[in-house]
1. Looking at Arg342, is it open to solvent by less than 60 Å² (accessible area, probe 1.4 Å), modelled with pLDDT under 95 and over 15 Å from Asn24 (Cα atoms)?
2. Among the residues of the range 245-276, write down those that are out of contact with any helix residue (DSSP H, G or I) (no Cβ under 7 Å at 6 or more places or on another chain) and over 19 Å from Ala50 (Cα atoms).
3. If you go through the range 172-189 one residue at a time, do you hit one that is within 21 Å of Tyr57 (Cβ to Cβ) and of a type in the set (A, V, I, L, M, F, W, C)?
4. Out of all the residues in the range 173-181, is one or more open to solvent by less than 30 Å² (accessible area, probe 1.4 Å) and β-branched (Val, Ile, Thr)?
5. Checking Leu137 against (1) open to solvent by 10 Å² or more (accessible area, probe 1.4 Å); (2) in contact (Cβ under 8 Å) with a residue 12 or more places away in the chain; (3) within 24 Å of the chain's Cα centre (by Cα), which single condition isn't satisfied?
6. Report the residue count in the range 163-189 for those that are in a helix (DSSP H, G or I) and touching a helix residue (DSSP H, G or I) at 6+ places or on another chain (Cβ under 7 Å).
7. Assuming Pro229 fulfils every condition listed in (1) surrounded by 14 or more Cβ atoms within 10 Å (Cβ to Cβ); (2) modelled with pLDDT of 95 or more apart from one, which condition is it?
8. Confirm whether Ala218 is outside any loop (DSSP other than H, G, I, E, B) and at negative phi.
Amino acid sequence: MQIRRLNTLRGLAALIVLVGHYSNKARLWDAVLGTRAPQLGVMLFFLLSAFLMTILYLDREPARQAMRGYGAARVARILPLYAAVVVLSWLGQQSGLPWLMKVLYDIPTAKSLASHLATLYGVQVLWTIPAELHFYLVFAALWWLRPRFAWAIPAFCAIVLGTYVSGHWPLGPKQPVLGFPVDLPLLRGLPYFTVGMMIGMLYNRWRPPARIRHHAFALALPLILLLYPAIIGKLTGWTYGQGPGESPMWFLPLLLLAVSAIFFVLVFLVPDGNPVLENRAGDYLGKISYSLYLLHFPVLLALTQAGLAKGVGGLALFLALTILAASASYRFYELPMRLRIRAMGAQDDGGNRAQ
């Protein structure tokens with residue numbers, strides 16, 4: 001199943017992260033596009049991921065072959081590039097070369113490396129990948145349970161969102177275990193994955209009538225800017241704040257509702273063929289979005305070390321270099337590894353190829 005606009009939304013989520021991190025480093029426009037805005041891009045990623053898995057798999061029979069295909073597709077999409085980035089970052093930190101150590105992810109010890117590879121922890125933006133992988137396991141369990149216990153998914157959604165809205169959502173461990181850093185990052189994103197799955201189940205069952213769909217609903221896209229912490233602070237005087245050790249953005253039910261509502265409007269209410277949501281640039285950025293996400297941070301650190309992360313010109317250079325690096329990564333490593341792992345795993349089908 002192909003929903004073309006999701007490519008653009010995936011690319012947009014990556015750009016929110018990239019521009020936000022650059023804005024913070026360069027203090028571009030007083031970091032109005034930064035502060036904690038990159039987390040909005042991650043929230044969109046989580047909604048998209050759960051939505052796609054739901055519409056592609058949940059209505060299929062969870063037979064062994066189908067689940068093997070699912071597992072192969074999920075591992076192929078996420079693990080090769082993540083593992084390569086983690087291992088190369090650790091090797092770079094062991095090199096003793098100060099310039100190299102400053103432009104890689106901060107994975108300085110063997111225990112930190114082990115925690116990353118075991119998906120128990122992620123430094124900087126890498127925390128999102130273990131969260132994604134853990135949700136793949138949760139989704140597989142719910143998929144398997146669905147034909148056996150019809151109440152399993154409704155009960156799961158009610159427990160997750162009920163606990164979240166009540167204000168009792170757990171933070172997870174924050175102290176090392178036997179010297180191994182552990183934080184179980186799935187806990188941070190699980191409410192977003194859950195809502196994405198619910199929207200996907202609705203999509204599998206219902207389409208809005210043509211009379212209520214309109215291209216004007218694409219104006220929901222720029223509404224994301226109103227959720228930026230610095231922008232909402234300037235407009236209203238209120239901001240999300242920053243709690244010790246954790247951003248409260250992930251624990252605000254109203255923010256989850258707002259991001260989910262924008263996602264719902266863009267997916268359900270904008271007609272097919274909308275040029276803002278369905279275009280070649282969006283298709284391409286969506287295709288390379290995973291490489292964009294993982295590689296942008298070292299590129300930004302390198303530009304900062306070189307003194308080039310300055311102003312709008314620096315932003316243009318940063319985006320150009322990151323897109324170039326992501327394009328090469330996708331073509332020569334990410335895609336070939338994905339295809340190889342899928343070929344080694346379960347038989348593929350049209351639903352898997354859509355991703």
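1. Judged against the criteria, Arg342 is a match.
2. Gly245, Glu246, Pro248, Leu252, Leu254, Asp272, Gly273, Pro275
3. The answer is yes, given that some residue of the range 172-189 is within 21 Å of Tyr57 (Cβ to Cβ) and of a type in the set (A, V, I, L, M, F, W, C).
4. No, that holds for no residue.
5. That leaves (2) as the condition not met.
6. 5
7. (2)
8. Yes, satisfied.
The values are calculated or read from the model by the stated rules, or taken from the named source; none is laboratory data. None of the values given here were measured: they were computed from a predicted structure. A quick note on method: Cβ atoms are made from the backbone with ideal geometry, for glycine too, and the neighbour counts reach across all protein chains shown. Ligands, DNA and RNA are excluded from the accessible area calculation, which covers all protein heavy atoms including side chains. Shrake-Rupley method; radii C 1.70, N 1.55, O 1.52, S 1.80 Å.
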